[in-house]
Amino acid sequence: MNAPALVLEGLSKSFTLHERGGVELRVLDDVSLEVRPGECVVLQGPSGMGKSTLLRLAYGNYKARTGRILVRDGDELVDVASAPPRRVLALRRGTLGYVSQFLRVIPRTSTLEIVAHAARRAGFDAPRAEARARAALSHLALPERLWELPPATFSGGEQQRVNIARTFAADYPILLLDEPTASLDAANAARVLDLVRGARDRGAAILAIFHDRDAAVAVADRFFDLSAARQAV
Ligand SMILES: Nc1ncnc2c1ncn2[C@@H]1O[C@H](COP(=O)(O)OP(=O)(O)O)[C@@H](O)[C@H]1O
Ligand SMILES: [Mg+2]
């Protein structure tokens with residue numbers, strides 16, 4: 001079997017609640033998990049269990065209390081938990097893609113440019129990047145009249161599709177997906193699931209959260225239950 005693309009080892013996270021007199025909230029406790037290329041692992045567990053926190057840790061947005069987050073970058077394994085910020089930013093350009101529930105974009109940049117830019121950063125030349133951007137936006141049925149506009153005034157579902165198009169246009173080998181279908185209608189959710197399966201079948205390693213059981217079942221090769229992980233400690 002091929003070597004894992006993403007390895008979480010003994011990962012723990014706690015938040016210090018300063019507004020509550022410095023109380024420590026333990027969210028993840030000694031979580032270990034591997035995702036291989038061509039595999040989609042779906043995180044499960046009740047709301048508040050730390051699923052989103054785990055993805056943010058893997059993307060380097062939060063600092064882990066303990067543990068390692070090993071990301072395969074070519075022949076190298078980089079520990080996101082201890083790598084310098086510059087190295088983490090480099091991983092985010094071409095290796096590690098993250099779809100959050102919220103779109104953060106540069107104001108005044110057109111939708112097409114936001115998506116194409118992500119593909120160029122991942123290494124596609126300008127014409128290829130634009131072609132990938134157009135293909136992703138078309139696949140997600142974002143009306144072409146919106147492509148030249150900045151997404152700031154788009155509906156939640158339209159913004160989420162821009163967010164998703166940007167990530168899939170870049171073709172990252174590792175994907176972290178936090179409820180990518182949450183604000184979408186059934187037809188658009190199905191299009192997103194198509195992209196997820198397509199990426200997985202091309203060899204991407206995917207770690208995902210879905211609020212909807214049917215969506216999870218449609219793409220999961222394996223489930224990882226965070227509540228069970230905690231009980232096992
Ligand atoms: N930045 C933060 N500061 C303090 N507490 C946080 C922060 N982010 C998440 N939490 C808390 O950590 C717990 C897990 O949150 P989250 O990872 O969003 O859960 P899930 O995605 O499984 O619903 C929740 O109790 C949440 O309130
Ligand atoms: Mg969440």
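The values are calculated or read from the model by the stated rules, or taken from the named source; none is laboratory data. Keep in mind it's a predicted model, so treat the numbers as computed, not measured. So basically every Cβ, Gly included, is an ideal-geometry build from the backbone, and we count neighbours across all protein chains shown.
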Checking A141 against (1) assigned to a loop (DSSP other than H, G, I, E, B); (2) small (G, A, S); (3) under 18 Å from the mean Cα position of the chain (by Cα), the condition it does not meet: (3)
Might you check whether a residue that is surrounded by 14 or more Cβ atoms within 10 Å (Cβ to Cβ) and either touching a residue at least 24 places away in the same chain (Cβ under 8 Å) or of a type in the set (K, R) (or both) occurs anywhere in segment 20-28? yes
Note on segment 51-90: residues among the hydroxyl-bearing types (S, T, Y) and more than 19 Å from D29 (Cβ to Cβ) are Y59, S82
Looking only at segment 191-222, count every residue that is away from ligand 2 (no atom under 16 Å from the Cβ) and hydrophobic (A, V, I, L, M, F, W, C) and tell me the total. 12
Qualifying position, being over 23 Å from N163 (Cα atoms), in contact (Cβ under 8 Å) with a residue 24 or more places away in the chain, crowded, with 17+ Cβ neighbours inside 10 Å and within 16 Å of ligand 1 (Cβ to nearest atom), among A64, A58: A64
Would it be correct to say that V115 is β-branched (V, I, T), in contact (Cβ under 8 Å) with a residue 12 or more places away in the chain, in contact with a strand residue (DSSP E or B) (Cβ under 6 Å, 6 or more places away or on another chain) and surrounded by 21 or more Cβ atoms within 10 Å (Cβ to Cβ)? no
Breaking point among (1) crowded, with 19+ Cβ neighbours inside 10 Å; (2) more than 16 Å from ligand 2 (Cβ to nearest atom); (3) not polar (S, T, N, Q), for L43: (2)
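Regarding segment 72-95, can at least one residue be identified that is in a loop (DSSP other than H, G, I, E, B), surrounded by fewer than 16 Cβ atoms within 10 Å (Cβ to Cβ) and modelled with pLDDT under 95?
yes
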Selected residue (criterion: surrounded by the most Cβ atoms within 10 Å (Cβ to Cβ)) from residues of segment 153-178 that are within 9 Å of the chain's Cα centre (by Cα) and not hydrophobic (A, V, I, L, M, F, W, C): T167
Can you pull out every residue in segment 150-189 that is part of a helix (DSSP H, G or I), among the hydrophobic types (A, V, I, L, M, F, W, C) and touching a Pro at 6+ places or on another chain (Cβ under 9 Å)? A152, V162, I164, A189
From V115, V105, residue being away from ligand 1 (no atom under 16 Å from the Cβ), under 14 Å from V162 (Cα atoms) and in a loop (DSSP other than H, G, I, E, B): V105
Quick one: in segment 176-210, of everything that is within 16 Å of ligand 1 (Cβ to nearest atom) and over 26 Å from V7 (Cβ atoms), which residue is modelled with the lowest pLDDT? S183
Could you list, in sequence order, the residues of segment 25-50 that are more than 10 Å from ligand 1 (Cβ to nearest atom), of a type outside the set (G, A, S) and part of a strand (DSSP E or B)? D29, D30, V31, L33, E34, V35, C40, V41, V42
Where V23 falls short, out of the listed (1) under 24 Å from A199 (Cβ atoms); (2) of a type outside the set (D, E, K, R); (3) more than 14 Å from ligand 2 (Cβ to nearest atom): (1)
Test for G22: is it at pLDDT below 95 and touching a helix residue (DSSP H, G or I) at 6+ places or on another chain (Cβ under 9 Å): no
